[in-house]
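A short write-up of the structure that comes next.
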Amino acid sequence: MKTPAGLKYAKTDEWIKLEGNEAVLGISDYAQDQLSDVVYVEFMVDVDDQVSKGDAVATVESVKAASDVNFPASGTVIAINEDLIDAPELLNSDPYEGGWMVKILLDDPSELDDLLDAEGYEAYNEEREG
Amino acid sequence: MFTPHTPQEINEMLKVIGVDKIEDLFQSVPEKYRFPKLDIAAPLSEMEVAAELGEIASANASTDDFISFLGAGAYDHYIPAVVDMLLRRGEFYTAYTPYQPEVSQGTLQAIFEFQSLMSELTGMDVSNASHYDGATATAEAANMAFHIFRGKRKKILVSRTVNPQYRETIRTYMQGQENVQVTGDESDTSFDNDTQQLIDKIDNNTAVVLVQYPDFFGRIIDYTKLVNAAHEQGTLVAFVFNPTALGLLKPPGAFDADIAVGDGQPLGIPLSFGGPYLGIFTTKEKHLRKLAGRLVGETVDDSGNRAYVLTLTAREQHIRREKSTSNICTNQGLMALAATIYLSALGKSGFKQVANLCYQKAHYAADQISSLEGYELAFKETPFFHEFVIKTPKPVNQINLHLQNHWILGGYDLSQDYPELENHMLIAVTEKISKDDIDEFVMALEEVAHD
């Protein structure tokens, strides 16, 4: 299971890549593995929409389940990865690059301070696996 | 009586929750209300009960006794004997999709065939396994459109000539959504057939426009302009159709409708004092994920044999729960099967013939009635299918009382829903009505005008 360093992770299995005041969000390798084959991605937001901390920005549907993807901070949507609409399997094959989901201009980057780093997230996953 | 628990088990449970006897569970109900004296008759034997119920039932009259010109959403069509004969087979005679659906391949195949027939009938890409009836299917159409825009478009436009009960059901379904406006059918709206008033109300906050086809007055309205105007604003269009009419008319799919819904009752389902009926729901493939209810798909099993499955279930409330489009997933399995058998028995040409007979007989009736003194065809500038509006010389309820003496069920009194249509009767004619029936109806109408 890959957990790239340099990213931040939420306990709800999203990753965040911070670039200045902009944050790119996707789901972790662990999350895609738990979901199994992703068959559909539905975005709940459009470009220019405001999101509040914890809002669902997308729903990911796999052959097993449908799960929300939440954004852990407030801001304005500046891009969504439309490739996922036709190729949702990117979430399985390339969760950290081709499978990015939304890019958001943050109101306050410090809202992301309580997310986990790669090490913390790995430890959290091990704990969950028991 | 069915008692699933033994006294021993009951005592065990009482012990766990810490009470002595079942009565202790009801202490919050005041004692005098716990076992009130019920004013019911003494017990009767089975034979006595059967006799009494038979006597009560014989006070009802049905369309076996009356010639019916009553439509307004439910229609008295002929039902071939094969429909009931197959429907009542034990293998099919359960209204629910079983909870281990794939075990019941026959049930799933029947639903799959139903979906295929509905897609073909409407010219739409996909159909679900059905809803309760036309009213709930229509409300689900509004609901789906609302969800397609993720609640961002707050306006639902509904034509005033959509069945009044359906419009009420839309409002009932949407009342839980915040700030949603169901509009377009205000009482000062005219009945113009150019749909311009509705078009003028479409804006980029409108999720969907719902129109009826033929409309509640039986009129065949060309919705091409309305569909184009709606699509220019990104607004969806839902057609509420009569399935029989689609035997003759251009289907909703050919208008580029986004959703097409209707009541399947005319397809081999008896009037039955109002139900059970059948809600048909079809849409474009791109809205598949937002489609409520069950969907059956065809696939192959691990030995390559054709097999049927419930598919795309992640859309549904049992997985997506509060995020699903609708929390009503029940389908009318048995009624869907009736419609499937009915359409299969009639075939393409038989179905067209039924539609054509309805059309021709209705037009004969309209001609005859409107030639009577005091009676006039309303909306005469618009073509109609098998239902039309007649302006009458007396209040409709008075006329209908008189018609009952002739064992005729008159038409629907439109003043109930449209105050400006006092003395306007909505008359339906199906293939079951003979020329003699129509002539008798015309004579009775003439008689009552001169009373």
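For residue B:397 and residue B:178, calculate 0.36 nm times their separation in residues minus their Cα-Cα distance, and state this gained length in nm to one decimal.
74.8 nm
If you count, for every residue in B:163-170, the Cβ atoms of partner chains within 10 Å of its Cβ, what is the mean?
Across the residues of B:163-170, the mean count of other-chain Cβ atoms within 10 Å is 0.
Can you report the principal axis dimensions of the stretch B:81-341 using only the alpha carbons, biggest first, rounded to whole angstrom?
Taking max minus min along each principal axis of the Cα atoms, the stretch B:81-341 gives 57, 40, 31 Å.
Translational diffusion coefficient of chain B at 20 °C, 1.002 mPa s, Stokes-Einstein with Kirkwood Rh over Cα pairs, in µm²/s as a whole number.
After rounding, the answer is 88 µm²/s.
Dipole size in debye (nearest 20) for the stretch B:81-341 around its Cα centre, Lys and Arg Cβ +1, Asp and Glu Cβ -1?
Dipole magnitude for the stretch B:81-341 comes out near 580 debye.
Mind checking the stretch B:165-216 for GluC sites (Glu not before Pro) that DSSP puts in a loop (not H, G, I, E or B) and that have at most 15 other Cβ atoms within 10 Å?
Here the sparse-neighbourhood loop sites are B:178, B:186.
For the peptides B:60-70, B:135-145, what is the packing order when you average, over each peptide's residues, the other Cβ atoms within 10 Å and list the highest mean first?
Highest-to-lowest ranking by the protection proxy: B:135-145, B:60-70.
Return the sequence-ordered ³J(HN,Hα) values of the stretch A:27-41 in whole Hz as given by the Karplus equation 6.51 cos²θ - 1.76 cosθ + 1.60 applied to θ = phi - 60°, using x for Gly and Pro.
Calculated HN-Hα couplings, in order: 10, 6, 4, 4, 5, 5, 5, 5, 6, 6, 4, 7, 10, 6, 10 Hz.
Would you mind computing Rg(Cα) / (2.2 N^0.38 Å) for the stretch B:1-47, counting N as its residues?
My calculation over the Cα atoms of the stretch B:1-47 gives 1.66.
Would you pull out the residues with amide H under 5 Å of residue B:184's amide H, same chain only if 5 or more places away, H placed 1.01 Å from N?
The list, which skips near neighbours in sequence, is B:158.
Considering only Cα-Cα distances, which of the following residue pairs are longer than 20 Å: B:352/B:391; A:17/A:103; B:154/B:201; B:352/B:432; B:201/B:284; B:155/B:201?
With Cα atoms farther than 20 Å apart: B:352/B:391; B:201/B:284.
Which GluC sites (Glu not before Pro) from the stretch B:323-418 combine a DSSP loop assignment with at most 15 other Cβ atoms within 10 Å?
Loop-located and lightly packed - B:373, B:381.
Determine the shape class of the stretch B:155-300: with a ≥ b ≥ c the square roots of the Cα gyration tensor eigenvalues, call it rounded for a/c under 1.5, and otherwise prolate if a/b is greater than b/c, oblate otherwise.
Rounded shape, in that the Cα axes give a/c under 1.5.
Classify the stretch B:334-429 as rounded, prolate or oblate from the Cα gyration tensor: take a ≥ b ≥ c as the square roots of its eigenvalues, call it rounded if a/c is under 1.5, otherwise prolate when a/b beats b/c and oblate if not.
Prolate, because a/c is 1.5 or more and a/b exceeds b/c.
Could you work out the relative contact order of the stretch B:81-341? I mean the mean sequence separation of Cα pairs under 8 Å and 6+ apart, divided by the number of residues, in percent.
Worked out over the stretch B:81-341, it gives 30 percent.
I need the Debye-formula profile for the stretch B:1-144: one equal scatterer per C-alpha, no solvent, reported as log10 I(q)/I(0) at q = 0.08, 0.10 1/Å, two decimals.
With one equal scatterer per Cα and no solvent, log10 I(q)/I(0) is -0.58, -0.85.
Among B:111, B:163, B:141, whose Cα sits farthest toward the positive end of the charge dipole of the stretch B:81-341 (+1 at Cβ of Lys/Arg, -1 at Cβ of Asp/Glu, about the Cα centre)?
Selected residue: B:141.
Just the number: Rg to Rh for the stretch B:155-200, Cα atoms, Kirkwood Rh, two decimals.
For the stretch B:155-200, the value is 0.98.
Just how large is the dipole of chain B about the Cα centre, in debye to the nearest 20, putting +1 at every Lys and Arg Cβ and -1 at every Asp and Glu Cβ?
1880
Quickly rank A:12-23, B:388-399 as a protection proxy: mean count of other C-beta atoms within 10 Å, highest first.
The densest-packed peptide leads the list: B:388-399, A:12-23.
Hey, how many Å between the Cα centroid of the stretch B:246-305 and the Cα centroid of the stretch B:14-82?
The distance from the Cα centre of the stretch B:246-305 to that of the stretch B:14-82 comes to 33 Å.
Return the distance in nm (one decimal) between the two label points of a simple spin-label model at residue B:40 and residue B:62, each offset 7 Å from Cα along Cα→Cβ.
About 2.7 nm separates the two model spin labels.
Please report Rg (one decimal) and Dmax (integer) in Å for the Cα set of the protein assembly as shown.
Cα radius of gyration and Dmax of the protein assembly as shown are 29.3, 94 Å respectively.
Please list, by residue number, every one of the trypsin sites (Lys or Arg not before Pro) in the stretch B:1-110 that is coil in DSSP and has at most 12 other beta-carbon atoms within 10 Å.
Of the trypsin sites (Lys or Arg not before Pro), the ones in loops of the stretch B:1-110 whose Cβ has at most 12 other Cβ atoms within 10 Å are B:21, B:37, B:88, B:89.
Rounded to two decimals, what is the ratio between the C-alpha radius of gyration of the stretch B:240-308 and 2.2 N^0.38 Å?
1.43
Using only the Cα atoms of the stretch A:9-108, build the gyration tensor, take square roots of its eigenvalues as a ≥ b ≥ c, and label the shape rounded, prolate or oblate: rounded if a/c is under 1.5, else prolate if a/b is larger than b/c, else oblate.
It is prolate, given that a/c is not under 1.5 and a/b is the larger ratio.
Provide the packing ranking of B:265-276, B:343-354, i.e. peptides ordered by the mean count of other C-beta atoms within 10 Å per residue, highest first.
Averaged packing, sorted descending, gives the order B:265-276, B:343-354.
Placing +1 on the Cβ of each Lys and Arg and -1 on the Cβ of each Asp and Glu in chain B, which of B:62, B:234, B:339 has its Cα farthest towards the positive end of the resulting dipole?
Among B:62, B:234, B:339, the one farthest towards the positive end of the dipole of chain B is B:234.
How large is the helix-only mean residue ellipticity at 222 nm for the protein assembly as shown, computed as the sum of -39500 (n - 2.57) over DSSP H runs with n ≥ 4, divided by its residue count, in deg cm²/dmol to the nearest 500?
After summing the helix terms and dividing by the residues of the protein assembly as shown, the value is -9500 deg cm²/dmol.
I want the local charge near residue A:48. Using Cβ-Cβ distances under 13 Å, sum +1 for each Lys or Arg and -1 for each Asp or Glu among the other residues.
Charge balance near residue A:48 sits at 0.
At R0 = 56 Å, how high is the FRET efficiency between residue A:64 and residue B:203 if r is their beta carbon distance? Nearest 0.05 is fine.
With a Förster radius of 56 Å, E is 0.85.
Rg/Rh for the stretch B:259-397: what does it come to with C-alpha atoms and Rh from Kirkwood?
1.12
Please name which of A:59, A:36, A:73 has its Cα lying farthest along the dipole of the stretch A:9-108 towards the positive end, using unit charges on Cβ (Lys, Arg +1; Asp, Glu -1) and the Cα centre as origin.
Among A:59, A:36, A:73, the one farthest towards the positive end of the dipole of the stretch A:9-108 is A:73.
Once the Cα gyration tensor of the stretch B:54-129 is diagonalised, what are the square roots of 5 times its eigenvalues, in whole Å and ordered largest first, as equivalent ellipsoid semi-axes?
The equivalent ellipsoid of the stretch B:54-129 has semi-axes of 31, 20, 11 Å.
Assigning unit charges at the beta carbon (Lys, Arg +1; Asp, Glu -1) and nothing else, what dipole magnitude in debye, to the nearest 20, does the stretch A:9-108 show about its Cα centre?
Using Cβ point charges on Lys, Arg, Asp and Glu, the stretch A:9-108 gives about 320 debye.
By the scheme Lys and Arg +1, Asp and Glu -1, what is the net charge of all other residues having a beta-carbon under 12 Å from that of residue B:354?
+3
Laboratory data are not the source of any read-out in this text; all were calculated from the coordinates shown. Here the structure is a predicted model, which means the values were calculated and not measured. Neighbour counts are summed over all protein chains in view; Cβ atoms, including those assigned to glycine, are modelled from backbone coordinates with ideal geometry.
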